[in-house]
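Have a look at the structure below before the remarks.
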Amino acid sequence: MKKPFVTKAQLEAITAHYPTPFHLYDEKGIRDNADRLNRAFSWNPGFKEYFAVKATPTPAILKLLKVCGCGVDCSSLTELILAEKCGFSGHDIMFTSNNTLAEEFQLADRLGAIINLDDITHVDFLEQSIGHIPETVFCRYNPGGVFTLGESKEGFQVMDTPGDAKYGMTRSQLTEAFRTLKAKGAKRFGIHAFLASNTISNQYYPELAGILFRLAAELKEETGCEICHINLSGGIGIPYLPEQEPIDINIVGEGVRQKYEEILVPAGMGHVELCSELGRFMLGPYGCLVTKAIHEKHIYKEYIGVDACAADLMRPAVYGAYHHITVMGKEDAPCDQTYDVTGALCENCDKFAVDRKLPKIDRGDLLVIHDTGAHGHCMGYNYNGKLRSAELLLHEDGSVEMIRRAETVDDYFATVIW
Ligand SMILES: *Cc1c(COP(=O)(O)O)cnc(C)c1O
């Protein structure tokens, strides 16, 4: 059973000060998880997690992760500015962009960020943009085809299609890019690949590591380039569904270590530093959207209207994504009702749950929508003139801090020329 990280009594105290809806983050959960990740990879002295800023671009969260030893992975000008404002600099910033603007490379270079090139044409474009080639540079690999993992009776437990993804370079482009970059003065190289998203498998990272480690050994052989870094990127998933098991980060770390010993060490590459760019895994379970039931409606189906909408969390509307819902105070009540839980947008997809078995909900009940810590608040939008909610941080001592206020009507009109 999925349990909220906050109690009903705590939420009642919080809602006395901060009106619903709001996203709430769990400081302790975030810290403990980051510590577990760092411990699982502590066998690799240079290991560093670069949190994927796009997942939760909120300064208090980025600063918290910084204290936990994380860097940041940025993909746009604004994310680079955010990283700078949060005190990140130099190699604590990874810049993994695509379809990049010259001004983005210029700011990444000025901050001393590690630049991760998405395309072979970006070698020349980077040089034209910043006037030189950095000594440390990464290239992103796309192996094409279909990536699968662990076939079971029900099918593949992980399957994604890099061949349809716009990112990265082909195998032969990678060799060419490394040769050109080396000729232009690059000294230390990194490789990166993102092959599958939201994988709930302990095998994903080890499998990806195997692919990248073999590739690194080949590239070193072919080009003579010194490969110092391997970026396993994001993609480790979280159990959105109550019946799913979380991955075990210790098993993941150990699986990657075995590949390292098997492939890199014999290739004379036992100094390679690993990094990750996890977003969902770092924050997803440690945030929730708190909303209040404000209406019920009985027509051809049973509806519960809440005071949040897809402007606060668009994954269910856009992807049909499942987000578990707990009705606070009714955790042990039988789930004998079938509801659609809806927001107020004039779009029928604005539903946090469809045909969901839940306990009887009364107006005024507080609902916790789970796993909104990553790709939650940040994906919000202003359709129908809806204003995005506040973000609150639940500290380890039980106190609560507002880390982003709710939008106001003035914010909505700020860009308008009347
Ligand atoms: C989105 C993204 C990530 C993070 O992905 P998660 O699924 O949240 O782990 C990491 N790296 C890059 C380049 C991304 O675009």
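Per-structure values
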| item | result |
| --- | --- |
| Residue ID - farthest from G112 (Cα to Cα), chosen from residues in segment 65-75 that are surrounded by fewer than 22 Cβ atoms within 10 Å (Cβ to Cβ) and touching a strand residue (DSSP E or B) at 6+ places or on another chain (Cβ under 9 Å) | C68 |
| Any hit, segment 274-284, residues being within 16 Å of the ligand (Cβ to nearest atom) and without any contact (Cβ under 8 Å) to a residue 60 or more places away in the chain | no |
| Residue match in segment 305-315 (condition: at pLDDT 95 or above and assigned to a helix (DSSP H, G or I)) | yes |
| Output for segment 186-207, where each listed residue is within 11 Å of the ligand (Cβ to nearest atom), of a type in the set (S, T, N, Q) and part of a loop (DSSP other than H, G, I, E, B) | S197, N198 |
| Answer residue from segment 14-65, given it is of a type in the set (S, T, Y) and not in a strand (DSSP E or B) and is nearest to the ligand (Cβ to nearest atom) among those | T56 |
| Segment 66-75, subset outside any strand (DSSP E or B) and under 15 Å from the mean Cα position of the chain (by Cα), residue nearest to the ligand (Cβ to nearest atom) | S75 |
| Within segment 336-354, tally of residues that are assigned to a loop (DSSP other than H, G, I, E, B) and touching a Pro at 6+ places or on another chain (Cβ under 6 Å) | 0 |
| Check on N231, within 16 Å of the ligand (Cβ to nearest atom), surrounded by fewer than 23 Cβ atoms within 10 Å (Cβ to Cβ) and under 19 Å from the mean Cα position of the chain (by Cα) | no |
| Residue check for F47: touching a residue at least 12 places away in the same chain (Cβ under 8 Å) and either in contact with a helix residue (DSSP H, G or I) (Cβ under 6 Å, 6 or more places away or on another chain) or small (G, A, S) (or both) | no |
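The values are calculated or read from the model by the stated rules, or taken from the named source; none is laboratory data. Nothing here was measured: the structure is a model prediction, and the numbers come from that model. In this analysis, Cβ positions are derived from the backbone assuming ideal geometry, glycine residues included, and neighbour counts consider all displayed protein chains.
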